Amino acid sequence: MKIDIWSDIVCPFCYIGTTQFNKALESFAHKGDVEVVHHSFQLMPEAPLQYDGKKSHETLATVKGIPVATAEEMNARVAQLGAQEGLDMKMPETKIVNTLNGHRLIHYATAQGKAEEAVKVLFEAYFTATIDLSDIEALVALGVRIGLDEKGTRSMLASDDFIKEVEADIQQAAVLGIQGVPFFVIDDTYGISGAQGVGAFASALQKAWHDQHPLQMMGSDEGANVCIDGSCK
């Protein structure tokens, strides 16, 4: 069974949603038969390539056209939701930047079999360590942390490698009609939008699995030697 996940590194509900999904997958009886593929999405492609020094609630207020105080309250509520999943999300200190290079790093890690590690470390770096993900050296260090070659990672980030792959992910999302993230697609059939909760993801996995592996009845269909509602025959 294949699960495609679209997310953005600076999206708090992506961090929460993928955490919920991973918890559901961990308890899924057939997790060994599940392939997870991560796809890039950019909520703010117009964000600066270099951190501009603004607080996240200041940028949020500008983008949404709301008072700064309201943006601060929104960040606080999101942090509380994250805490319910065991996540330490320091929302006021996060640094909103363009995520292109971060997504390129995930693609680079994916090519080396380290997609899950890359997604996890980038989310933690952004929301908990509040690292500036526009800093190339910071990205190189994160790559090294998950076992990527330092020289190769730096060389990749200095090139145009994986830009087309990031763009292809975003174009595919558009074709599917995905307008917000996180977005989960199970076996090209079922779509789940948002951080729905561990229970919702667990139910979706079970339904998708049973739909792909329906119960096959064997032997007589007459129901002999069976008890139903207190009566036996």
Exercise. Since residue 119 meets every condition but one in (1) in a helix (DSSP H, G or I); (2) buried (at least 21 other Cβ atoms within 10 Å of the Cβ); (3) touching a Gly at 6+ places or on another chain (Cβ under 9 Å), which condition does it not meet?
Worked result: (3)
Seminar exercise, completed: Of the residues in segment 143-175, those that are outside any helix (DSSP H, G or I) and among the hydroxyl-bearing types (Ser, Thr, Tyr) come to 159
Problem set entry | Top-ranked residue in segment 25-64 [being closer than 19 Å to residue 100 by Cα and of a type in the set (Gly, Ala, Ser); ranked as surrounded by the fewest Cβ atoms within 10 Å (Cβ to Cβ)] | 53
Seminar exercise, completed: Checked segment 100-116 for anything within 15 Å of the chain's Cα centre (by Cα) and surrounded by fewer than 21 Cβ atoms within 10 Å (Cβ to Cβ); matches are 110, 114, 115, 116
For this session: Taking residue 138 as the residue in question, decide whether it is small (Gly, Ala, Ser), surrounded by 13 or more Cβ atoms within 10 Å (Cβ to Cβ), closer than 30 Å to residue 210 by Cβ and at pLDDT 95 or above.
Result: no
Exercise. Is segment 182-190 home to any residue that is part of a strand (DSSP E or B) and over 25 Å from residue 102 (Cα atoms)?
Worked result: yes
Seminar exercise, completed: residue 88: passes all of (1) closer than 15 Å to residue 15 by Cα; (2) of a type outside the set (Ser, Thr, Tyr); (3) surrounded by 14 or more Cβ atoms within 10 Å (Cβ to Cβ) but (3)
Problem set entry | Restricting segment 175-199 to residues that are in contact with a helix residue (DSSP H, G or I) (Cβ under 8 Å, 6 or more places away or on another chain) and among the hydrophobic types (A, V, I, L, M, F, W, C), the residue that is nearest to residue 45 (Cα to Cα) | 181
Seminar exercise, completed: Per the list (1) part of a helix (DSSP H, G or I); (2) surrounded by 14 or more Cβ atoms within 10 Å (Cβ to Cβ); (3) among the aliphatic types (A, V, I, L, M), residue check on residue 178 breaks on (1)
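When the residues of segment 21-49 are narrowed to those that are assigned to a loop (DSSP other than H, G, I, E, B) and not hydrophobic (A, V, I, L, M, F, W, C), which ends up nearest to residue 209 (Cα to Cα)?
Just the residues of segment 21-49 that are assigned to a loop (DSSP other than H, G, I, E, B), to begin with: 27-30, 34, 41-49.
This time we only want the ones that are not hydrophobic (A, V, I, L, M, F, W, C), so: 27, 30, 42, 45-46, 48.
Values: 27: 14, 30: 8, 42: 30, 45: 36, 46: 39, 48: 42 Å.
Out of the qualifying residues, it is 30.
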Problem set entry | Options 3, 16, 96, 9: the member that is in contact (Cβ under 8 Å) with a residue 24 or more places away in the chain, in contact with a strand residue (DSSP E or B) (Cβ under 6 Å, 6 or more places away or on another chain) and either among the hydrophobic types (A, V, I, L, M, F, W, C) or at positive phi (or both) | 3
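The values are calculated or read from the model by the stated rules, or taken from the named source; none is laboratory data. If you're wondering where the values come from, they're calculated on a predicted model, not measured in any experiment. No Cβ is skipped: glycine too gets one built from the backbone with ideal geometry, and neighbour counts run over all protein chains shown.
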